[in-house]
Structures are given as structure tokens and as C-alpha cells.
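*Asks:* Structure in C-alpha cells, see below.
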Amino acid sequence: MIDGTKLFIQLLRIALGFSLAIIAAGLFLSWGFFRTLSVHGGPETDIIQLLVITWSTIISASAIGALSLIPSGFAIGFAELMKWRGVIYHVSASGIIALVLWGIGGALPTDLFYASSETGSIIAYSTSGTTIPTPASEGFRPGSSIAASAGFIAGFIYWTVAGRESGGWWINKPSSPQASR
């Protein structure tokens, strides 16, 4: 059985929690990027740098939200149906989603060149000093720990807003007929 009011409130929490989570991830990435470019005392004293960080946060949060909406929707729906309220699930799921999205973005290396052969056109990549196409290097892309950290922060923010109440809209059935009297 489902309590409709609690379900509606939880859906509002989910929307608010997801929005705040992607804004937090965007702020983490923007603040970290522009903090390394700190001039004239950083954003605490330079209003232009603070405005750039703010707009960069909005743009990066939009991109993060667009990329992570479907996988996050599956993770949130799974948590709601299974009534999983633990912080570990929400933080790890969002970290894994961020890491996978970051890894997909690096499917092709940066030093691409267009090569043509008799069988058709292919995209190949090379390492410096070689002319033979080589496969991509193994391991995580540079910046993977930053992307995962942004996901962990987003998962924690989501958990504080909506994840702690996952599945709270289910009504518990009485265990025996005598308990309902």
C-alpha cells in the first residue's frame, strides 16, 4: 500500500535533493578549478572571479544534471523501491555514476588523427614519436578522483535532503489479522 501524500512529498524532496546535489557538484568543480587560477587574493576579494565561479557553477551543474539524470533516476528509483536509506548507498552510487560518466568522456584520447586506408576511414590515435596507431592506455583518466569526489559530495547532499526518507511512503501491512483489530 502507498500513502499518496508521503509519496508526493518524497517526489518533491527527490527533485529538490537532485537539484541541490548537482549544484553542489558543480560548485565543487568550479571552485576547485578557479581556485587554482587565483589572482589578487582569490574570489574572497575579487568580485569578477566570484561571478565567474557562480556562472561556471550554473553551467557545470546544468551539464552534470543533463548527463546524470537517467543513471541517477535509476539509482534513486532503486533506493526508493528497496527502501534503502543508508548514506553509503547514496554516496557510493553517485560516486560511481560520476566516475563512469567521467570515464565515458575519455573514451577517445586527445591526440586523435584521421587516418584513411583502402578499407575505409578509421579513427586512430598515436603516441608521441610513433606512427603506428596504439590502443588507449589502461587505467583511470586524469582527474578521476576529482570527478568521483564531486559525485560523493552530490550523493551526500542528496542523502541529507531526500535519501534518508527513501521508501517512507510505503504503508506497512499488519503482520496478522489480530493486529489490525
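The values are calculated or read from the model by the stated rules, or taken from the named source; none is laboratory data. In this text, all values refer to a predicted model and were calculated from it rather than measured experimentally. Every residue, glycine among them, receives a Cβ derived from its backbone with ideal geometry; neighbour counts consider all protein chains shown. Remember, those area values only see protein heavy atoms, side chains included, never the ligands or the DNA or RNA. Shrake-Rupley method; radii C 1.70, N 1.55, O 1.52, S 1.80 Å.
*Asks:* Among the numbered criteria (1) out of contact with any Leu (no Cβ under 8 Å at 6 or more places or on another chain); (2) at pLDDT below 90, which one does PRO43 miss?
*Replies:* (1)
The rows are residues; the columns are (1) in a helix (DSSP H, G or I); (2) modelled with pLDDT under 95.
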{"site": "ALA61", "(1), (2)": "yes, yes"}
{"site": "TRP84", "(1), (2)": "no, yes"}
{"site": "ALA93", "(1), (2)": "yes, no"}
{"site": "LEU108", "(1), (2)": "no, yes"}
{"site": "SER121", "(1), (2)": "no, yes"}
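*Asks:* So which of TRP102, TRP84 is aromatic (Phe, Trp, Tyr) and over 15 Å from the mean Cα position of the chain (by Cα)?
*Replies:* Checking each option against the conditions leaves just TRP84.
*Asks:* Give me the pairs: first residue in segment 167-181 and open to solvent by 100 Å² or more (accessible area, probe 1.4 Å), second residue part of a loop (DSSP other than H, G, I, E, B) and modelled with pLDDT of 80 or more, beta-carbon distance under 8 Å, and six or more apart or on different chains, which are they?
*Replies:* LYS173/MET1
*Asks:* Would you pick out the residues in segment 10-25 that are open to solvent by less than 90 Å² (accessible area, probe 1.4 Å) and touching a residue at least 60 places away in the same chain (Cβ under 8 Å)?
*Replies:* GLN10, ARG13, ILE14, GLY17, PHE18, LEU20, ALA21, ILE22, ALA24, ALA25 - these are the residues of segment 10-25 that are open to solvent by less than 90 Å² (accessible area, probe 1.4 Å) and touching a residue at least 60 places away in the same chain (Cβ under 8 Å).
*Asks:* For the structure I just gave you, tell me whether PHE74 is open to solvent by 50 Å² or more (accessible area, probe 1.4 Å), modelled with pLDDT under 95 and closer than 30 Å to LYS173 by Cβ.
*Replies:* For PHE74, the condition - open to solvent by 50 Å² or more (accessible area, probe 1.4 Å), modelled with pLDDT under 95 and closer than 30 Å to LYS173 by Cβ - is not met.
*Asks:* Cβ-Cβ distance below 8 Å, separation of 6 or more or different chains: which pairs start in segment 91-103 with a residue that is under 7 Å from ALA148 (Cα atoms) and open to solvent by less than 20 Å² (accessible area, probe 1.4 Å) and end on one that is in a helix (DSSP H, G or I) and of a type in the set (A, V, I, L, M)?
*Replies:* GLY95/ALA148
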